[in-house]
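The values are calculated or read from the model by the stated rules, or taken from the named source; none is laboratory data. Please read all numbers here as calculations on a predicted model, not as lab measurements. All Cβ positions, even for glycine, are placed from backbone atoms using ideal geometry, and neighbour counts span all protein chains on display.
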Amino acid sequence: MNKAQIEKKIEKIKQELLILGAMRPGTLSRQYAACQKPGCACMDPIKPKKHGPFYQLSYSHQGKSTTRFVRPGYVTIIRKELAAYKRFKKLTQDWVSLAIEHSQLQLEEARKKEDKK
């Protein structure tokens, strides 16, 4: 790839980053639990019917791990935010890779100019 192609790809990444919207890191898991109350269906020794699903969001930010329960009505929103964050991470990684390649091409061009002198 030449410098112009790399620059064009970087501009495309920048445009995609501008439209990402709300995002958050983490994973969303579905949990089931037993309440441990005697006589409850969740405690049946043969066919327990656990309570749930409960949705749990887990993430790390600034070195701190956090877990939050998410109400069922917000699960769709959280999933969209998680997907946006994954897209953000991929785009920024692609940008860095292209920037490294661009920088390397500039160094090679500078070296060739010096060799001609």
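General observations
- None of T92, T67 is more than 30 Å from Q5 (Cα to Cα), at pLDDT 95 or above and polar (S, T, N, Q) except T67.
- Hey, K14 more than 30 Å from M1 (Cα to Cα) and exposed (fewer than 12 other Cβ atoms within 10 Å of the Cβ) or not: no
- Among residues of the range 84-107 being touching a residue at least 40 places away in the same chain (Cβ under 8 Å) and of a type in the set (A, V, I, L, M, F, W, C), the one that is surrounded by the most Cβ atoms within 10 Å (Cβ to Cβ) is L98.
- In the range 17-56, the residues that are more than 25 Å from Y74 (Cα to Cα) and surrounded by 11 or more Cβ atoms within 10 Å (Cβ to Cβ): C40, A41, C42, M43, D44, P48
- Being assigned to a helix (DSSP H, G or I), under 18 Å from the mean Cα position of the chain (by Cα), modelled with pLDDT of 95 or more and of a type in the set (G, A, S) holds for only one residue in A99, A84, and it is A84.
- Any hit, the range 39-59, residues being out of contact with any helix residue (DSSP H, G or I) (no Cβ under 7 Å at 6 or more places or on another chain), over 30 Å from E109 (Cβ atoms), among the hydroxyl-bearing types (S, T, Y) and free of Cβ contacts under 8 Å to residues at least 24 places away in the same chain: no
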